[in-house]
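Below is one structure; the comments refer to it alone.
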Amino acid sequence: MAAPAQSPDTSGRRPRLSRKHREWLAAGLFLAPDVLGLLVFVAIPMVLSIGLSFFQVSGFGSYEWIGLGNYRRMVNDPLFWDSMKITGLYVVFLVPILFCVSLGLGLLVRQKLPGVGVYRTMLFMPYVISLVVVGVLWKFLLDEQTGVVNRAMRAAGLDGEPWLGSPSLALGCVIAVMVWVMMGYYMIIFLAGLQEIPQEYYEAAKLDGAGPWTTFRTITWPLLRPTSFFVLLMSTVAAITGGLDLIFVLTNGGPANGTSLAIFYIYQQAFGFGEYGYASAMGSFLVLIMVLISAVLFTFTRGGRFDDGE
């Protein structure tokens, strides 16, 4: 006897989503704001900037197609390549110093010290201050005549230094100020990575008689490698693209273009001289350099895993 045919569901209820589909939907909703923000404020401006680099753009809004003219001009611009050299020095010194200082502070504030929460807050505080305010503050402190630093040196019987007026000292001062600003942020990142390491590993190492250096070398550093990769990558990108407002207030690219980073030179060409097409060409080249650096870091560290061939 044949089974009676089932009547179609006419209740009007929609079929319920499976658990997997609900998880995908939730993930999409959480990611949507960031994806939209990256699309609107990063991806689309980058595409428009690349397109703009093929035009001669005047400050009055006229566009003239010149093809690779801006890139040829960039290749033959000695001031641009000087700014790239200064940027290279800036990155080579800033990133390792910032990495070591932030890691050291992360290890320090991880200890159970009295008032350690206050110390963490104080170290993180410079990061939340506007770089314009930071620039004004340190310009006052480092002033050759009335600055607090030179006054303290003279009180100690030493000669004051033209900290921001000397080509050999100005870039070092900018690096020092940027380390002071950024170290609290990366300290918190390192601290988060350190707190993810199981405490049992340290207890076992202590029972085996391992000293602090051996413990750091065999436990802390290997397990902190993904965090270290993130800090290394982000600090490198921040060094190449950031600090414009600090440079503008603190030194204005001087003295003798000694602190004119590539990002500052691009800003000058765009908003100082109205060379928007040329600035777009240099900006596109700078983005290409960052992509290459990121690719090299990913290749040599295997995405932060630092595999030793095991």
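The values are calculated or read from the model by the stated rules, or taken from the named source; none is laboratory data. From a predicted model like this one, the values you see are computed outputs, not experimental measurements. Positions of Cβ are backbone-derived with ideal geometry, glycine not excepted, and every protein chain shown enters the neighbour counts. The area values use the complete protein model at the heavy-atom level, side chains included, leaving out ligands, DNA and RNA. Shrake-Rupley method; radii C 1.70, N 1.55, O 1.52, S 1.80 Å.
How do Glu161, Glu203, Glu275, Glu196 rank by accessible surface area computed with a 1.4 Å probe, from largest to smallest?
So the residues, ranked largest to smallest area, are Glu196, Glu203, Glu161, Glu275.
Along the charge dipole of the chain, which of Phe140, Leu194, Ala155 sits closest to the positive end, that is, farthest toward it, with unit charges on the beta carbon of Lys, Arg, Asp and Glu (+1, +1, -1, -1)?
Leu194
Would you mind checking the radius of gyration and Dmax of the range 70-176 based on alpha-carbon positions, in Å?
Expressed in Å, the Cα Rg and Dmax of the range 70-176 come to 18.5, 60.
Taking all protein chains together and a probe of 1.4 Å, list Asp159, Asp77, Asp82 from the most accessible to the least accessible.
Asp159, Asp82, Asp77
For the pair Thr299 and Glu203, how long in nm is the line joining their label points, each one 7 Å along Cα→Cβ?
Taking the simple label geometry, Thr299 and Glu203 are separated by 4.5 nm.
Pull up the cross-link candidates among the lysines for Lys206, meaning alpha carbon to alpha carbon under 19 Å and not fewer than 8 places away within one chain.
The qualifying lysines are Lys112.
Under 25 Å between alpha carbons, and skipping anything fewer than 8 positions from Lys85 in its own chain: which lysines qualify?
By straight Cα distance, Lys85 reaches Lys139.
Looking at [x] 86, 59, 36; [y] 108, 71, 40; [z] 92, 40, 33, which value of Cα extents along the principal axes in Å comes from a calculation on the structure shown?
[y]
Once a ≥ b ≥ c are taken as the square roots of the eigenvalues of the Cα gyration tensor of the range 84-137, is the result rounded (a/c under 1.5), prolate (a/b larger than b/c) or oblate (a/b not larger than b/c)?
Note, shape of the range 84-137 comes out oblate.
Could you work out the relative contact order of the chain, using alpha carbon pairs under 8 angstrom and six or more residues apart, expressed as a whole percent?
27 percent
Out of the total accessible area of the chain (probe 1.4 Å, heavy atoms of protein only), what percent is carbon and sulfur?
The value for the chain is 68 percent carbon and sulfur by accessible area.
From the backbone phi of the range 41-53, what are the Karplus-calculated ³J(HN,Hα) couplings (6.51 cos²θ - 1.76 cosθ + 1.60, θ = phi - 60°) in whole Hz, Gly and Pro given as x?
Whole-Hz 3J(HN,Hα) from phi for the range 41-53: 9, 10, 5, 5, x, 5, 5, 5, 5, 4, x, 5, 5.
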